[in-house]
1. Using R₀ = 51 Å, calculate the FRET efficiency as 1/(1 + (r/R₀)^6) where r is the Cβ-Cβ separation of B:Lys137 and A:Leu165; round to 0.05.
2. Say R0 is 25 Å: what FRET efficiency, to the nearest 0.05, do A:Gln7 and B:Arg17 get from their beta-carbon distance?
3. Report the local net charge at A:Thr580: Lys and Arg +1, Asp and Glu -1, summed over other residues whose C-beta lies under 11 Å from its C-beta.
4. First measure r as the distance between the Cβ atoms of A:Asn781 and A:Asp497, then evaluate 1/(1 + (r/R0)^6) with R0 = 41 Å and state the FRET efficiency to the nearest 0.05.
5. Starting from the Cα-Cα distance between A:Ser95 and A:Ala47, subtract it from 0.36 nm times their residue separation and give me the gain in nm to one decimal.
6. Hey, which aspartates and glutamates would be in cross-link range of A:Lys649, C-alpha to C-alpha under 17 Å, not counting anything within fewer than 8 residues on its own chain?
7. Among A:Lys455/A:Lys562; A:Lys754/A:Lys774; A:Lys612/A:Lys815, which pairs are too far apart, with a Cα-Cα distance over 18 Å?
8. With Cβ to Cβ distances under 13 Å as the rule, what net charge do the other residues near A:Glu328 carry (K, R +1; D, E -1)?
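Every number here is computed from the coordinates shown, using simple stated rules; none is lab data. Keep in mind it's a predicted model, so treat the numbers as computed, not measured. Heads up, the Cβs are rebuilt from the backbone with ideal geometry, glycines too, and the neighbour counts pull from every protein chain shown.
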Amino acid sequence: MTPEQWQRVRDVLAEALERKPEDRPAFVDGACSLDPSLRQEVERLLASCDEARSGFLQSSTFRVGLTPGAQLGDYEVQRLLGSGGMGEVYRARDSRLGREVAIKVLPAILSHDPDRLRRFEQEARAAAALNHPNILGVYQLGTYEGAPYLVSELLEGSTLRELLLRGAVPVRKVIDYGVQIARGLTAAHEKGITHRDLKPENLFVTKDGRVKILDFGLAKLTQRPAMLDHGAPTLSVQTEPGMVMGTAGYMAPEQVRTSAADHRTDIFAFGAILYEMLSGKRAFHKPTSAETMAAILNEDPAPISQIVRTIPPALPRIVQRCLEKNPEQRFQTASDLAFALEALSDSGATRSDLPGEKTSLPWRWIFGSAMALAVIAITFILSPETAGRWRDRLQWRSAGNKAGVHSLAVLPLQNLSGDPSQEYFADGMTEQLTADLGQISALRVISRTSAMHYKNTNKTVPEIARELNVDAVVEGSVERAGDQIRITAQLIEASTDRHLWARSYDRDLRGVLFLQGDVAQAIASEIKINLTPQEQEHLTTARQVNPQAHELYLRGLFDLRKGTPEAIDEAIKEFQQAITTDRNEALAYAGLGNAYYDQSTILKAPLEVMPKAKAASVRAIELDDSLAEAHASLGYVKLLFDWDWPGAKHEFRRALELNPNLPRAHLGYALYLLTTRHPDEASEEFNRADAIDPFTGQSHMDRAWLLFNASRFEEAIQTATRAGDDRVVALSSAELGRSEQAIAAADRAVTKTKNPLWLAQIASAYALAGSKDKARGMLINIEAQARERYICGFNVACLYASLGDHEQAFTWLEKAYRDRSD
Amino acid sequence: MPGTTTHPVSELLAQWRAGDEESLRRLLPLVYNELRRVAHNHLRRERPDHTLQTTALVHEAYLCLTKQQAMDFENRAHFFGICANLMRQILVQYARRHKAAKRNAGCVMALDENLALREKQSVDLVALDDALHELAKLDPQQCRIVELRFFGGLSIEETSRVLGISPATIKRHWTTARIWLHDEISRVNRDDA
């Protein structure tokens, strides 16, 4: 063919393809009427076009695998039987012994640690040596180019997972399979071998009804070692976007909590499998693996008798006993379990006495063969499923961050410890992760305060994302066992509710700050956000913490965020203890600065607490200049107490540079801008605070109060109404002479607070609106309180002024001046 | 590579896009070496699923070369454009070197997510490379489109951007090129058998 000929063929072909298949012959007829050779070529290509178009070259994912026909010592690879997260299984022929075998090649990365590999080999050899009819027979194992592989018997049949796809298993068969599994487990456990990853995928039912347990020892090779190790964080589970993570549904509580496992861990998994065979439903199955793990720790599955009617009553009891949360309360040995199940089958009937139904599943071969030395070739798998998945991912990736994620919310991380008193820890981690992500200037991150509204919510991710106006949501969980911490985080695309990414990280408490930085960085890189070099540096620089001090800091933070006067006092104590434990705990100083500032004016005289707020914030910044919260606190002190405008500006801008998603810093900067008479810029800052903190209404409240003080009463009423701030509505209405409206608002406001500061303002509204008796009654109460505790003199002065008592007003103003009230 | 190390990759890339062909000459060996290094790591069977995704490789190489600098959208398409051909060279070289005595890699079976067994087609990279050489004689541009899409992992839109051709034309050329390649590879296989 010449280039010119091809060009003609190609053009006719392309045009033909744009038509419906039934219209193509007529079109080709017409287009090629003068050129029979052109027509012949086009027709030939059209005939095979479906095959070529279905998946051919559609994905740029290559599979690195063994080539069929490859000769590996005594074995000739025949074909790939399957592949998955654990490697590939090939069918091969043992030419020496004239038998068919299966070869499973595991990922090389698993064997980088020679100790682990050796342990795996020992265990796999031990399992192979069991030679039990209910355990897959392993003939040989070795490594190929660093990849461990095993050669085993080749079986025909299907996995229990495949059988379960068709629904529940008949009770008789459940007992039969159960007895076989229990016998296999008994044999292994007696040799001290635990499976650790028992699940329907690892149970194979042969064509003649024999159950084989697969992959003994493999779990040990693949399980995360990080719970034991210190040092670098370990990537334990990573999923493709859109996929639910691994096999969380069969983990025992002790595995979820600490990764610890003994033979009773297998018994729990076995219980979950029995449950599923009987009911056709997974015992623990939630939309996310974090929730599934929480369910394993805290919930019991729905009683089987509610799902299946005709069932021997002893059977649910056996299942229940396997699923006890506490290993001590489960069956203590697999042989006890086998015995209990055998007792249920008719007079101890064996497998062969219980004829199975004929299965209509196509036969499947699995596993088995020898010493493999293979030639590697790259082949390209054209599976429409994989291609589709990768295409989705590629489209998403290739969109870069143009159509991608520009805004996100970190939902409160779930406390998986099952202990509500550990809530502070999960909340602290949520705040830290929010702050880490907030550092990224290209990203709008919803503030902790607004995201906290979704604690224990029933809303779906798309609903939440709509309400917060974000592109994606991060959710996850925190588990803690002693000093070991695991964060599991998932990134979910809001519009589709699709998991884009999920990963678990393990660390000990000492490295907790690295861990949060790792999560934030992984998310940033996943969404292809542009990081400035400075942001990159902040996310990668973390320091070790003193576990005890950090723990105290987190408790303090939890109390501080409660915001009640008692809780703030408590928080101050905890921060101080943290500092006593470790004089370099910068975060505790920052928290202390924040706590003292929060007390100022509202609870304590600024003269008393502002210098403390300043000292703590300055110390925090000396220890770690990258703490945005500390800069924000210092900014407030400089603005409201030191009256140092340039200093305040510098601190707020520094805070915003470090964390552009910190509402407190935006509000402080807005206040600075108003103070220095830049109302338009201040308004922009308020809007920025709104965008990241839509729910707390703090910006509206601040804005309303400032509008009121600027005598812009109509606007103040509007803004205050939106924020639900009746106090400002009452005051502004009173100023406008709308007495009825003012009193109604004051009546509402007075029920919401006990703080004399707010009560003084509300009383002023009553006085201005003409309800002077009510105001005087409140004044008595307020002055009584003032003898017990601090109250901002300015507001009492205003109240006296509203009542027309100027002498008292001046007395209180002087007190206010002495206290440096703001 | 004296002289090149002082020029960060992103700068060379920008210079090349601004029309400086010399920077591309200096860029290519850097990119090639890095890609080969990254590809080699992946080919050592280190991924649990034993797969190698070209987009991920190119991205990884880019990050290593630019010291973790984030990739902007324009740079990305052009960088991937450069990599597509290099990737083809690396993978085909690897496949040729490791190819079994038998000429034909044959069918490969794979399990889909439900573990139901289905037969899947597979492409022999060496055969594909031969066929691409033939296609280049008929239409070099179509050959380039296949390189960008298949070896570079570029989308239709990105390919359009790199080549300066409308997405509709890219799509048509891509479809007909695949049909031709598929036909050519089957023909050669039949002749061999």
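1. Values: r = 50 Å, r/R0 = 0.98.
Plugging the Cβ-Cβ distance into 1/(1 + (r/R0)^6) gives 0.55.
2. Details: r = 31 Å, r/R0 = 1.22.
That gives a FRET efficiency of 0.25.
3. Its environment carries a net charge of -1.
4. Details: r = 53 Å, r/R0 = 1.28.
For A:Asn781 and A:Asp497, the calculated efficiency is 0.20.
5. Details: separation 48, 0.36 × 48 = 17.28 nm, distance 4.14 nm.
Additional length available on full extension: 13.1 nm.
6. A:Asp625, A:Glu629, A:Glu657, A:Asp680, A:Glu681, A:Glu684, A:Glu685
7. Result: A:Lys612/A:Lys815 exceed 18 Å.
8. Numbers: positive: A:Arg264, A:Arg321, A:Lys325, A:Arg330; negative: A:Glu254, A:Asp262, A:Glu324.
The answer is +1.
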